[in-house]
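For reference, the structure is listed below as structure tokens.
Each reported figure results from applying straightforward, stated rules to the coordinates on display, with no laboratory input. On a predicted model such as this, the values are computed, not experimentally measured, just so you know. For neighbour counting, all protein chains shown are included, and Cβ atoms are generated from backbone atoms with ideal geometry for every residue, glycine included.
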Amino acid sequence: MLKDTVQVNRDVLVHVLEALEAMNPYPASKEDQRFNAIHALRAALAEPGTCTWCQDGDSDSGVYATSCRHYFDLNDGTPEDNKMQWCCYCGKRLMQELITEGEDE
Ligand SMILES: [Zn+2]
């Protein structure tokens, strides 16, 4: 067992992640901290051996934030539409997570 590893209920992490993502706008001085926390949580929640590409911004956005902390800008369609099965940065299997329309409006 790794040092500094704790076991947390997955639901707890999901709630924290959702809360952090909803905190927008966030004080600019703390924005990096929020960003890092969101990335760490997404990475922790990801299935082993996969890389999750989260659509960034709104449901029309072509920008995806990857679990391995890169950004990728697709001109057209989703990673799935573009037959992307593997992350081009870390080589793991690509899972996409799209923003659902009309949630906030
Ligand atoms: Zn990756």
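For a paramagnetic label modelled on Arg69 (point 7 Å from Cα along Cα→Cβ), amide N atoms under 12 Å away belong, within region 37-63, to 37-41, 43. Within the same chain, lysines fewer than 8 places from Lys3 are excluded, and of the rest, those with a Cα less than 26 Å from its Cα are Lys92. Given springs between every Cα pair under 10 Å in a Gaussian network model of the chain, which of Thr52, Thr66, Thr78 has the largest fluctuation? The residue that fluctuates most here is Thr78. The ranking of Lys92, Lys3, Lys30 by Cβ neighbour count inside 10 Å, starting from the fewest, reads Lys3, Lys30, Lys92.
Roughly how big is region 1-98's charge dipole about its Cα centre, with Cβ charges of +1 (Lys, Arg) and -1 (Asp, Glu), in debye to the nearest 20? In debye, rounded to 20, region 1-98 gives about 540. Dipole magnitude for region 6-51: about 80 debye, using +1 per Lys or Arg Cβ and -1 per Asp or Glu Cβ, origin at the Cα centre.
When Leu45, Leu74 are arranged by Cβ crowding within 10 Å, least crowded first, meaning fewest neighbours, the order is Leu45, Leu74.
Stokes-Einstein diffusion of the chain at 4 °C, 1.567 mPa s viscosity, Kirkwood radius from Cα pairs, rounded to a whole number: 87 µm²/s. Computed extension gain for Ala43 through Asn9, at 0.36 nm per residue and net of the alpha carbon distance, reaches 10.7 nm.
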